[in-house]
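S.K.: After the structure tokens below, expect a handful of questions from me.
The values are calculated or read from the model by the stated rules, or taken from the named source; none is laboratory data. The structure displayed is predicted, hence computed values, not measured ones. Positions of Cβ are generated from backbone atoms using ideal geometry, with glycine treated the same way; all protein chains shown enter the neighbour counts. Heads up: the accessible areas ignore ligands, DNA and RNA and are worked out on the full protein's heavy atoms, side chains in. Shrake-Rupley method; radii C 1.70, N 1.55, O 1.52, S 1.80 Å.
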Amino acid sequence: MPTAIAQDPKLSPELRRIADKVTKDQRIDFEEGLYLFDHASLGYLGTLANYVRERKHGDNTYFNRNFHIEPTNVCLYTCSFCSYSRLIKKRDEGWEYSLDDILDIVKKYDDQPVTEVHIVGGVLPQYDVKFYADLFSAIKAHRPELHVKALTPVEYHYIFKKDKISYEHGMKLMLDAGLDSMPGGGAEIFHPEIRDQIAGGKCSGDQWLRIHEVWHELGMRSNATMLYGHIESFFHRVDHLEQLRQLQDKTGGFQTFIPLKFRNQGNQMSHIAESNTVEDLRNYAISRIYLDNFDHIKSYWPMIGRDMAQLSLAYGVDDIDGTIDDTTKIYSMAGAEEQNPSLSTEDLVKMIRMVHRKPIERDTLYGVVTDFTDVVFEDEKLYKGYVSLPVV
Ligand code: V47
Ligand code: SF4
């Protein structure tokens, strides 16, 4: 029982006090968050994070059917963790899709039951307010029910500044054009000590937060991420979580927090070793415990791999993102586990059930599309109890 941790004499008084708070649904503070990063064992964190996860969702585990479009991989910025972008002077090595190219990609999914398109890419002058407003309207005209989850404050800050319009005006234009929600990217680490070193030139942490706030004030929803495991310290991680928690107290507009593990291939920070499995699981768990006002914590399986995604479900995670094909290159180019990330709905359902959770297909706003709890596939009867997919 997690409540027993609060009385465990082998634990420090601080860890007992934190366990007591969490099991009573009380918020932990900044110092306690830092204490967890510095001192808590994986077992302790897993027990508490799982307690919070099950208090919020029971065994429900969410995924969706989506696809990604990256309009370009050429970018004005030179973030040192980015393996995907090409500088303008090397733009012939990259791609720059036109509006029609992007619509053609959307049309490829016409006969598929996808509910969401996730659009994000590099920053270039031709992709401006007009381009994106026209794009969102065209997607909506073609397939009105497809949820458009697109762009981050990195792009929005740039295009609004270029057109000399306020965040308020710009986000309203995007809303009217058909934008449904904002993904969580571009957050990296908010603290300027780190942000200036790894993502100098693009929107600041405060600007990232303000654009989400404006979007939430329009009654809309978004996600948040944290790129961790590079040059930041635990202090910077807690600072990041704290800023998200404060904004969420104000607006309630965030749906999901997605910790993104830094992958070190093919970028300017390749000399930095990647965080290990224990550190990744501790990070999921502390995120779950600290962000008491976020409904969902997502692990992004194309980046961390299927095994880690399954494992994360015992450390506070309740969402493993979507069934996507290989349309995203952001992670495969940075050394992600999945080089051609693609899983069918059936695969995802089995993955979730193998770790004894309930698979729920959701739409972007967490409406239930299909509850797969009682849908058992034929071959599942053969390997009940195993935790990896059988070799076929
Ligand atoms: O902002 C870039 C990250 C993000 C690397 O909202 C890297 O549902 C690790 O935000 N190692 C974009 N991470 C992707 C993103 C996202 C993904 C899935 C779901 C959602 C959602 C959002 O990818 C960037 C950056 O933080 N990133 N390079 C790298 N080498
Ligand atoms: Fe450009 Fe985004 Fe890569 Fe930074 S992370 S260089 S903004 S594509």
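S.K.: Just add up the charged neighbours of Ala150: K/R +1, D/E -1, any other residue whose Cβ is under 12 Å from the Cβ of Ala150.
M.R.: -2
S.K.: Follow-up. What is the pair-distance distribution P(r) of region 186-257, computed from all Cα-Cα distances in 5 Å bins starting at 0, with each bin given as a whole percent?
M.R.: 3, 17, 30, 24, 15, 8, 2, 0
S.K.: If you don't mind, there's one more thing I want to ask. Find the cysteines in the chain that fail to meet the 4.7 Å Cβ criterion with every other cysteine, and list them.
M.R.: Cys75, Cys203
S.K.: Note the direction-averaged projected area, equal to a quarter of the hull surface, for the Cα convex hull of region 218-258, in nm².
M.R.: Quarter of the Cα hull surface area: 3.0 nm².
S.K.: Note the direction-averaged projected area, equal to a quarter of the hull surface, for the Cα convex hull of the chain, in nm².
M.R.: 19.3
S.K.: Within a Cβ distance under 15 Å of Asp363, other residues only, what is the Lys/Arg minus Asp/Glu net charge?
M.R.: That sum, taken over residues with Cβ under 15 Å, equals -2.
S.K.: May I ask you to give the percent of accessible area on region 1-77 that is carbon plus sulfur, with a probe radius of 1.4 Å?
M.R.: 50
S.K.: Something else: Give the peptides 315-321, 69-75, 137-143 in descending order of average Cβ contacts within 10 Å, highest first.
M.R.: 315-321, 69-75, 137-143
S.K.: Right, here's the next one. Per q in 0.31 Å⁻¹, report the Debye log10 I(q)/I(0) for region 279-320, using one uniform scatterer on each alpha carbon and no solvent.
M.R.: Results for region 279-320 at q = 0.31 Å⁻¹ read -1.11.
S.K.: Give me the compactness ratio for region 180-308, meaning the Cα radius of gyration over 2.2 N^0.38 Å.
M.R.: Compactness ratio reported: 1.02.
S.K.: Right, here's the next one. Give, as a single signed number, the net charge of other residues whose beta carbon lies under 12 Å from the beta carbon of Ser233, with Lys and Arg counted +1 and Asp and Glu -1.
M.R.: Summing Lys/Arg as +1 and Asp/Glu as -1 gives -3.
S.K.: Here is a further query. Over all alpha-carbon pairs in region 123-190, figure out the percentage whose distance exceeds 21 Å.
M.R.: Beyond 21 Å sits 21 percent of the P(r) for region 123-190.
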